[in-house]
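I have placed the structure first, in the form of C-alpha coordinates, so that the comments after it can refer back to it.
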Amino acid sequence: MASLSSASVSLVRTPTHLPCFRSNHGKVQSLNRYSKTKTTHLSINSSLRMCSIAASDSPLSTSMYELSSKKVWIWTENSQVMTAAVERGWDTFIFSSQNQGLANEWSKIALIDPLFSKEREIFDNAGERVATIFQVSTPSELKKLHPEAHHVENVVIDLLDWQVIPAENIVAEFQGSKTTVFAVSKSPAEAQLFLEALEHGLGGVVLKVEVVKAVLDLKEYFNRRNEVHNRLSLTKATITQVHAVGMGDRVCVDLCSLMRPGEGLLVGSFARGLFLVHSECLESSYIASRPFRVNAGPVHAYVATPGGKTSYLSELKAGKEVIVVDQTGKMRTAIVGRVKIETRPFILVEAKIDANDQTVYSILLQTAETVALVCPHEGNRTQKTVIPVTSLKAGDEVLLRLQGGARHTGIEIKEFIVEN
(Lines give C-alpha, C1' and ligand atoms only; values in the text may rest on other atoms or scores of the structure.)
Protein backbone atom coordinates (compact mmCIF):
# COMPACT_ATOMS: atom_id res chain seq x y z
CA MET A 1 0.00 0.00 0.00
CA ALA A 2 1.26 3.49 -0.73
CA SER A 3 2.21 5.84 2.04
CA LEU A 4 -0.46 8.05 3.55
CA SER A 5 0.56 11.15 1.62
CA SER A 6 0.14 9.48 -1.76
CA ALA A 7 -2.91 7.45 -0.82
CA SER A 8 -5.10 10.22 0.52
CA VAL A 9 -7.99 11.32 -1.69
CA SER A 10 -10.23 14.24 -0.78
CA LEU A 11 -13.86 13.21 -1.05
CA VAL A 12 -16.62 15.53 -2.20
CA ARG A 13 -20.24 14.52 -1.93
CA THR A 14 -21.99 14.21 -5.31
CA PRO A 15 -25.19 12.42 -6.27
CA THR A 16 -23.21 9.71 -8.08
CA HIS A 17 -21.16 8.66 -5.09
CA LEU A 18 -22.34 5.29 -4.00
CA PRO A 19 -21.05 2.94 -0.65
CA CYS A 20 -19.90 -0.50 -1.59
CA PHE A 21 -20.65 -3.80 0.07
CA ARG A 22 -19.49 -7.20 -1.07
CA SER A 23 -21.90 -9.98 -2.01
CA ASN A 24 -21.45 -13.50 -0.69
CA HIS A 25 -19.55 -14.28 -3.89
CA GLY A 26 -17.03 -11.52 -3.44
CA LYS A 27 -18.52 -9.21 -6.09
CA VAL A 28 -18.90 -5.59 -5.19
CA GLN A 29 -22.46 -4.31 -4.87
CA SER A 30 -22.76 -0.53 -5.14
CA LEU A 31 -25.20 0.98 -2.67
CA ASN A 32 -24.12 4.49 -1.80
CA ARG A 33 -20.44 4.89 -2.53
CA TYR A 34 -18.06 7.82 -2.77
CA SER A 35 -16.45 7.75 -6.22
CA LYS A 36 -12.71 7.43 -6.83
CA THR A 37 -10.40 7.41 -9.82
CA LYS A 38 -8.81 4.28 -11.26
CA THR A 39 -5.31 5.39 -10.29
CA THR A 40 -5.93 6.24 -6.64
CA HIS A 41 -6.76 4.11 -3.63
CA LEU A 42 -9.44 5.40 -1.30
CA SER A 43 -7.20 4.91 1.72
CA ILE A 44 -7.04 6.74 5.01
CA ASN A 45 -9.13 9.74 4.07
CA SER A 46 -12.83 9.13 4.75
CA SER A 47 -14.00 12.70 4.77
CA LEU A 48 -16.80 15.13 4.13
CA ARG A 49 -16.42 18.64 2.86
CA MET A 50 -17.22 21.27 5.49
CA CYS A 51 -17.67 24.73 4.07
CA SER A 52 -17.29 28.29 5.26
CA ILE A 53 -20.53 29.82 6.44
CA ALA A 54 -19.43 33.45 6.39
CA ALA A 55 -19.48 35.80 3.44
CA SER A 56 -15.94 36.33 2.22
CA ASP A 57 -16.49 40.03 1.66
CA SER A 58 -17.57 40.73 5.21
CA PRO A 59 -15.23 42.06 7.90
CA LEU A 60 -17.45 40.37 10.45
CA SER A 61 -16.59 36.70 10.76
CA THR A 62 -19.66 34.64 11.48
CA SER A 63 -17.97 31.49 10.23
CA MET A 64 -17.60 28.43 12.39
CA TYR A 65 -15.45 26.65 9.87
CA GLU A 66 -12.92 27.41 7.16
CA LEU A 67 -13.28 25.74 3.77
CA SER A 68 -11.47 22.52 4.64
CA SER A 69 -11.90 18.78 4.62
CA LYS A 70 -12.83 17.28 7.96
CA LYS A 71 -11.92 13.61 8.29
CA VAL A 72 -13.76 10.93 10.26
CA TRP A 73 -12.26 7.61 11.32
CA ILE A 74 -14.35 5.04 13.19
CA TRP A 75 -13.12 2.88 16.10
CA THR A 76 -15.62 0.16 16.91
CA GLU A 77 -16.17 -3.58 17.21
CA ASN A 78 -19.88 -3.36 16.42
CA SER A 79 -20.75 -4.55 12.89
CA GLN A 80 -23.93 -2.44 12.86
CA VAL A 81 -21.87 0.67 13.57
CA MET A 82 -19.56 -0.34 10.72
CA THR A 83 -22.48 -0.72 8.33
CA ALA A 84 -23.98 2.63 9.31
CA ALA A 85 -20.62 4.36 8.88
CA VAL A 86 -19.89 2.84 5.45
CA GLU A 87 -23.37 3.74 4.24
CA ARG A 88 -22.60 7.35 5.17
CA GLY A 89 -19.26 7.48 3.42
CA TRP A 90 -16.91 6.83 6.35
CA ASP A 91 -14.85 3.77 5.51
CA THR A 92 -11.65 4.10 7.57
CA PHE A 93 -11.77 1.89 10.69
CA ILE A 94 -9.28 1.45 13.51
CA PHE A 95 -8.77 -2.01 15.06
CA SER A 96 -6.49 -3.17 17.84
CA SER A 97 -3.49 -5.13 16.56
CA GLN A 98 -5.02 -8.30 18.07
CA ASN A 99 -8.21 -7.81 16.07
CA GLN A 100 -6.93 -8.66 12.59
CA GLY A 101 -9.61 -11.33 12.30
CA LEU A 102 -12.45 -8.81 12.70
CA ALA A 103 -10.84 -6.54 10.12
CA ASN A 104 -10.60 -9.43 7.66
CA GLU A 105 -14.23 -10.39 8.32
CA TRP A 106 -15.50 -6.86 7.70
CA SER A 107 -13.35 -6.50 4.59
CA LYS A 108 -15.30 -9.40 3.09
CA ILE A 109 -18.54 -7.54 3.70
CA ALA A 110 -17.64 -3.98 2.67
CA LEU A 111 -14.86 -2.00 1.06
CA ILE A 112 -13.14 -0.58 4.13
CA ASP A 113 -9.68 0.78 4.90
CA PRO A 114 -8.54 -0.99 8.08
CA LEU A 115 -5.96 0.59 10.36
CA PHE A 116 -4.36 -1.09 13.37
CA SER A 117 -3.32 0.48 16.66
CA LYS A 118 -0.24 -0.88 18.40
CA GLU A 119 1.83 0.74 21.14
CA ARG A 120 0.43 4.22 20.56
CA GLU A 121 0.95 4.08 16.82
CA ILE A 122 -1.43 3.35 13.95
CA PHE A 123 -0.43 1.24 10.95
CA ASP A 124 -2.11 0.47 7.67
CA ASN A 125 -2.71 -3.01 6.25
CA ALA A 126 0.78 -3.05 4.75
CA GLY A 127 2.40 -2.31 8.10
CA GLU A 128 3.31 1.30 7.33
CA ARG A 129 2.86 3.83 10.10
CA VAL A 130 0.18 6.39 9.27
CA ALA A 131 -0.46 8.07 12.62
CA THR A 132 0.79 8.49 16.16
CA ILE A 133 -1.50 8.30 19.20
CA PHE A 134 -0.75 10.92 21.82
CA GLN A 135 -2.48 10.75 25.21
CA VAL A 136 -2.84 14.03 27.08
CA SER A 137 -3.80 14.20 30.74
CA THR A 138 -1.56 17.02 32.04
CA PRO A 139 -0.42 20.45 30.81
CA SER A 140 3.17 19.20 30.57
CA GLU A 141 2.10 16.41 28.21
CA LEU A 142 0.22 18.92 26.09
CA LYS A 143 3.36 21.06 25.73
CA LYS A 144 5.19 18.11 24.16
CA LEU A 145 2.70 18.06 21.31
CA HIS A 146 3.88 20.24 18.43
CA PRO A 147 4.23 19.79 14.64
CA GLU A 148 8.00 19.19 14.66
CA ALA A 149 7.74 16.34 17.15
CA HIS A 150 6.22 13.85 14.68
CA HIS A 151 7.22 12.57 11.28
CA VAL A 152 3.78 11.39 10.08
CA GLU A 153 0.96 13.36 8.55
CA ASN A 154 -1.59 12.34 11.21
CA VAL A 155 -1.63 12.67 14.97
CA VAL A 156 -4.45 11.18 17.04
CA ILE A 157 -4.85 12.84 20.43
CA ASP A 158 -6.70 11.22 23.30
CA LEU A 159 -7.62 13.91 25.82
CA LEU A 160 -8.10 12.11 29.12
CA ASP A 161 -9.05 15.12 31.24
CA TRP A 162 -9.85 18.61 29.97
CA GLN A 163 -11.06 18.86 26.38
CA VAL A 164 -11.97 22.38 25.27
CA ILE A 165 -8.85 24.30 26.32
CA PRO A 166 -6.37 21.60 25.16
CA ALA A 167 -8.19 21.33 21.82
CA GLU A 168 -7.99 25.10 21.34
CA ASN A 169 -4.28 25.06 22.22
CA ILE A 170 -3.68 22.28 19.69
CA VAL A 171 -5.56 24.13 16.93
CA ALA A 172 -3.40 27.19 17.57
CA GLU A 173 -0.17 25.14 17.72
CA PHE A 174 -0.81 23.23 14.48
CA GLN A 175 -2.25 26.14 12.50
CA GLY A 176 -0.58 26.17 9.10
CA SER A 177 1.00 22.76 9.67
CA LYS A 178 0.65 19.92 7.16
CA THR A 179 -0.10 17.56 10.05
CA THR A 180 -3.73 16.50 10.44
CA VAL A 181 -4.73 16.28 14.09
CA PHE A 182 -7.55 13.93 15.07
CA ALA A 183 -9.21 13.78 18.47
CA VAL A 184 -10.69 10.61 19.95
CA SER A 185 -14.38 11.33 20.50
CA LYS A 186 -16.71 9.10 22.49
CA SER A 187 -19.88 10.90 21.37
CA PRO A 188 -21.10 13.19 18.58
CA ALA A 189 -21.16 16.07 21.10
CA GLU A 190 -17.46 15.59 21.80
CA ALA A 191 -16.76 15.38 18.07
CA GLN A 192 -18.59 18.66 17.49
CA LEU A 193 -16.56 20.30 20.24
CA PHE A 194 -13.28 19.26 18.58
CA LEU A 195 -14.43 20.24 15.09
CA GLU A 196 -15.40 23.72 16.29
CA ALA A 197 -12.45 24.54 18.59
CA LEU A 198 -11.19 28.08 17.92
CA GLU A 199 -13.69 28.37 15.05
CA HIS A 200 -11.63 26.30 12.58
CA GLY A 201 -11.46 23.10 14.64
CA LEU A 202 -9.17 20.10 14.44
CA GLY A 203 -8.61 18.31 11.16
CA GLY A 204 -10.72 15.31 12.07
CA VAL A 205 -12.14 13.02 14.73
CA VAL A 206 -11.86 9.36 15.63
CA LEU A 207 -15.38 8.38 16.66
CA LYS A 208 -14.91 5.60 19.21
CA VAL A 209 -18.40 4.23 19.83
CA GLU A 210 -20.41 1.01 19.94
CA VAL A 211 -23.88 2.42 19.20
CA VAL A 212 -25.31 3.19 15.75
CA LYS A 213 -27.07 6.37 16.90
CA ALA A 214 -23.71 8.07 17.46
CA VAL A 215 -22.85 7.61 13.77
CA LEU A 216 -26.27 8.83 12.66
CA ASP A 217 -26.09 11.92 14.88
CA LEU A 218 -22.59 12.84 13.71
CA LYS A 219 -23.63 12.48 10.07
CA GLU A 220 -26.66 14.68 10.71
CA TYR A 221 -24.33 17.28 12.21
CA PHE A 222 -22.15 17.19 9.08
CA ASN A 223 -25.24 17.48 6.87
CA ARG A 224 -26.46 20.57 8.73
CA ARG A 225 -23.09 22.25 8.36
CA ASN A 226 -22.71 21.24 4.72
CA GLU A 227 -26.07 22.85 3.91
CA VAL A 228 -24.37 26.23 3.88
CA HIS A 229 -22.49 25.22 0.72
CA ASN A 230 -25.75 25.70 -1.18
CA ARG A 231 -27.78 28.82 -1.82
CA LEU A 232 -31.49 28.89 -1.18
CA SER A 233 -33.68 29.85 -4.09
CA LEU A 234 -35.50 33.06 -3.24
CA THR A 235 -38.38 34.41 -5.33
CA LYS A 236 -39.45 37.99 -5.96
CA ALA A 237 -42.97 38.68 -4.69
CA THR A 238 -45.15 41.77 -5.00
CA ILE A 239 -47.00 43.18 -2.01
CA THR A 240 -50.77 43.23 -2.61
CA GLN A 241 -52.09 44.37 0.75
CA VAL A 242 -50.88 45.93 4.02
CA HIS A 243 -53.17 46.80 6.90
CA ALA A 244 -53.23 46.92 10.69
CA VAL A 245 -54.98 44.03 12.46
CA GLY A 246 -54.59 44.69 16.18
CA MET A 247 -52.63 43.24 19.11
CA GLY A 248 -50.91 39.88 19.43
CA ASP A 249 -47.96 38.08 21.00
CA ARG A 250 -44.78 38.98 19.12
CA VAL A 251 -41.54 36.96 19.15
CA CYS A 252 -38.09 38.55 19.08
CA VAL A 253 -35.35 36.02 18.28
CA ASP A 254 -31.92 36.93 19.68
CA LEU A 255 -29.10 34.90 18.14
CA CYS A 256 -25.61 34.04 19.34
CA SER A 257 -24.31 35.44 16.03
CA LEU A 258 -24.21 38.94 14.56
CA MET A 259 -26.00 39.61 11.31
CA ARG A 260 -25.04 41.94 8.47
CA PRO A 261 -27.23 44.20 6.31
CA GLY A 262 -29.33 42.03 4.00
CA GLU A 263 -29.50 39.08 6.40
CA GLY A 264 -32.45 37.83 8.39
CA LEU A 265 -34.72 34.88 9.13
CA LEU A 266 -37.27 33.21 6.86
CA VAL A 267 -40.68 33.60 8.50
CA GLY A 268 -44.29 33.26 7.35
CA SER A 269 -47.84 32.47 8.34
CA PHE A 270 -47.79 29.50 5.96
CA ALA A 271 -44.91 27.12 5.32
CA ARG A 272 -45.55 27.39 1.56
CA GLY A 273 -44.03 30.87 1.50
CA LEU A 274 -41.58 32.37 4.00
CA PHE A 275 -40.63 36.06 3.91
CA LEU A 276 -37.05 37.20 4.54
CA VAL A 277 -37.45 39.31 7.68
CA HIS A 278 -34.45 41.58 8.22
CA SER A 279 -32.44 41.80 11.42
CA GLU A 280 -32.25 44.94 13.52
CA CYS A 281 -28.65 45.57 12.43
CA LEU A 282 -29.32 48.96 10.80
CA GLU A 283 -28.70 52.19 12.72
CA SER A 284 -31.57 54.57 13.44
CA SER A 285 -31.97 57.94 15.12
CA TYR A 286 -34.14 56.66 17.95
CA ILE A 287 -32.72 53.28 18.93
CA ALA A 288 -29.34 51.54 18.85
CA SER A 289 -28.85 48.71 16.37
CA ARG A 290 -29.19 45.15 17.62
CA PRO A 291 -27.48 43.06 14.92
CA PHE A 292 -28.16 39.84 16.83
CA ARG A 293 -31.96 40.30 16.79
CA VAL A 294 -34.81 39.60 14.42
CA ASN A 295 -38.26 40.90 15.35
CA ALA A 296 -39.74 37.89 13.64
CA GLY A 297 -43.51 37.94 14.02
CA PRO A 298 -46.31 36.30 16.01
CA VAL A 299 -46.10 33.07 17.99
CA HIS A 300 -47.93 30.99 15.36
CA ALA A 301 -45.60 31.82 12.47
CA TYR A 302 -43.21 29.34 10.88
CA VAL A 303 -39.46 29.95 10.86
CA ALA A 304 -36.93 28.06 8.72
CA THR A 305 -34.53 25.73 10.54
CA PRO A 306 -31.65 23.50 9.31
CA GLY A 307 -32.43 20.39 7.30
CA GLY A 308 -35.23 21.97 5.29
CA LYS A 309 -37.47 21.96 8.37
CA THR A 310 -39.60 24.60 10.03
CA SER A 311 -40.46 25.41 13.61
CA TYR A 312 -43.12 27.59 15.17
CA LEU A 313 -41.65 30.80 16.57
CA SER A 314 -43.22 29.88 19.90
CA GLU A 315 -41.14 26.66 19.94
CA LEU A 316 -37.78 28.40 19.68
CA LYS A 317 -35.65 28.54 22.80
CA ALA A 318 -32.02 28.96 23.79
CA GLY A 319 -29.80 26.37 22.11
CA LYS A 320 -32.02 25.65 19.09
CA GLU A 321 -30.72 26.39 15.59
CA VAL A 322 -32.20 28.50 12.81
CA ILE A 323 -30.88 29.43 9.38
CA VAL A 324 -29.80 32.98 8.58
CA VAL A 325 -30.23 33.95 4.90
CA ASP A 326 -29.10 36.99 2.91
CA GLN A 327 -30.42 38.72 -0.23
CA THR A 328 -28.58 36.32 -2.55
CA GLY A 329 -29.82 33.17 -0.79
CA LYS A 330 -26.52 32.49 0.96
CA MET A 331 -27.32 30.73 4.21
CA ARG A 332 -25.69 29.76 7.48
CA THR A 333 -26.81 28.27 10.76
CA ALA A 334 -27.07 30.26 13.97
CA ILE A 335 -27.86 29.34 17.56
CA VAL A 336 -30.76 30.96 19.39
CA GLY A 337 -29.58 32.66 22.57
CA ARG A 338 -32.88 34.07 23.81
CA VAL A 339 -36.50 34.45 22.76
CA LYS A 340 -38.67 37.35 23.92
CA ILE A 341 -42.45 37.21 23.62
CA GLU A 342 -44.38 40.43 24.26
CA THR A 343 -47.76 41.86 23.29
CA ARG A 344 -47.46 44.30 20.40
CA PRO A 345 -49.59 45.74 17.53
CA PHE A 346 -49.45 43.86 14.24
CA ILE A 347 -49.59 44.61 10.52
CA LEU A 348 -50.85 41.97 8.08
CA VAL A 349 -48.74 41.78 4.91
CA GLU A 350 -49.93 39.83 1.87
CA ALA A 351 -48.06 39.16 -1.37
CA LYS A 352 -48.32 37.29 -4.67
CA ILE A 353 -45.72 36.05 -7.14
CA ASP A 354 -47.63 37.68 -10.04
CA ALA A 355 -50.97 39.35 -10.56
CA ASN A 356 -52.61 36.22 -12.00
CA ASP A 357 -51.42 34.00 -9.17
CA GLN A 358 -54.27 32.74 -6.97
CA THR A 359 -51.94 31.78 -4.11
CA VAL A 360 -51.56 34.40 -1.41
CA TYR A 361 -48.55 34.50 0.92
CA SER A 362 -48.84 36.35 4.20
CA ILE A 363 -47.01 37.33 7.34
CA LEU A 364 -47.90 39.39 10.39
CA LEU A 365 -45.24 41.72 11.74
CA GLN A 366 -45.01 44.20 14.56
CA THR A 367 -45.90 47.76 13.65
CA ALA A 368 -42.47 49.34 14.16
CA GLU A 369 -39.92 51.20 12.03
CA THR A 370 -37.17 48.71 13.00
CA VAL A 371 -39.08 45.77 11.48
CA ALA A 372 -38.39 45.33 7.77
CA LEU A 373 -38.58 42.94 4.84
CA VAL A 374 -35.62 42.32 2.53
CA CYS A 375 -35.83 43.48 -1.10
CA PRO A 376 -34.68 41.48 -4.15
CA HIS A 377 -30.99 41.61 -5.01
CA GLU A 378 -30.41 43.15 -8.46
CA GLY A 379 -26.78 42.34 -9.31
CA ASN A 380 -24.42 45.13 -8.28
CA ARG A 381 -26.94 47.90 -8.70
CA THR A 382 -27.18 50.30 -5.77
CA GLN A 383 -30.62 49.95 -4.28
CA LYS A 384 -32.35 49.78 -0.96
CA THR A 385 -31.77 46.59 0.98
CA VAL A 386 -34.92 46.62 3.08
CA ILE A 387 -38.35 48.20 3.38
CA PRO A 388 -39.65 48.95 6.90
CA VAL A 389 -43.13 47.56 7.40
CA THR A 390 -44.33 51.05 8.38
CA SER A 391 -43.42 52.21 4.82
CA LEU A 392 -44.54 49.05 3.02
CA LYS A 393 -47.25 49.51 0.37
CA ALA A 394 -48.91 47.58 -2.43
CA GLY A 395 -46.58 47.19 -5.40
CA ASP A 396 -43.39 46.93 -3.37
CA GLU A 397 -41.20 43.92 -4.09
CA VAL A 398 -39.80 41.63 -1.38
CA LEU A 399 -38.10 38.25 -1.18
CA LEU A 400 -39.95 35.00 -0.57
CA ARG A 401 -38.85 31.40 -0.08
CA LEU A 402 -41.30 29.02 -1.80
CA GLN A 403 -41.58 25.44 -0.55
CA GLY A 404 -44.07 22.67 0.21
CA GLY A 405 -46.94 23.78 2.40
CA ALA A 406 -47.84 20.53 4.17
CA ARG A 407 -45.84 19.91 7.35
CA HIS A 408 -45.73 17.29 10.09
CA THR A 409 -43.67 18.29 13.15
CA GLY A 410 -41.78 20.71 10.92
CA ILE A 411 -40.97 18.15 8.21
CA GLU A 412 -42.29 18.69 4.70
CA ILE A 413 -44.71 15.97 3.60
CA LYS A 414 -46.83 15.30 0.53
CA GLU A 415 -50.51 15.64 1.27
CA PHE A 416 -53.54 17.71 0.32
CA ILE A 417 -53.78 20.88 2.39
CA VAL A 418 -55.75 24.14 2.26
CA GLU A 419 -54.60 27.07 4.40
CA ASN A 420 -56.05 30.60 4.43
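Descriptive notes on the structure:
- Computed over protein heavy atoms with a 1.4 Å probe, the carbon and sulfur contribution to the accessible area of the range 71-229 reaches 49%.
- Alpha-carbon centroid distance for the pair the range 256-301 / the range 205-254, whole angstrom: 14
- Here the range 235-410 was treated as a single set of alpha-carbon atoms; its pair distances binned every 10 Å from 0 give 11, 42, 39, 8, 0 percent.
- Across the range 77-83, computed HN-Hα scalar couplings (Karplus, 6.51 cos²θ - 1.76 cosθ + 1.60, θ = phi - 60°) run 10, 9, 5, 5, 5, 4, 4 Hz from first to last residue, x flagging Gly and Pro.
- The range 235-410 - percent of accessible surface contributed by carbon and sulfur, probe 1.4 Å: 50
- Solvent-accessible surface of the range 226-354, taken per residue with a 1.4 Å probe and all protein chains present: 40 Å².
- When the C-alpha to C-alpha distance is required to be over 22 Å, the pairs from K208/K317; K118/K186; K236/K330; K309/K330 that qualify are K208/K317.
The values are calculated or read from the model by the stated rules, or taken from the named source; none is laboratory data. On a predicted model such as this, the values are computed, not experimentally measured, just so you know. All accessible areas refer to the heavy atoms of the entire protein, side chains included, with ligands and DNA or RNA removed. Shrake-Rupley method; radii C 1.70, N 1.55, O 1.52, S 1.80 Å.
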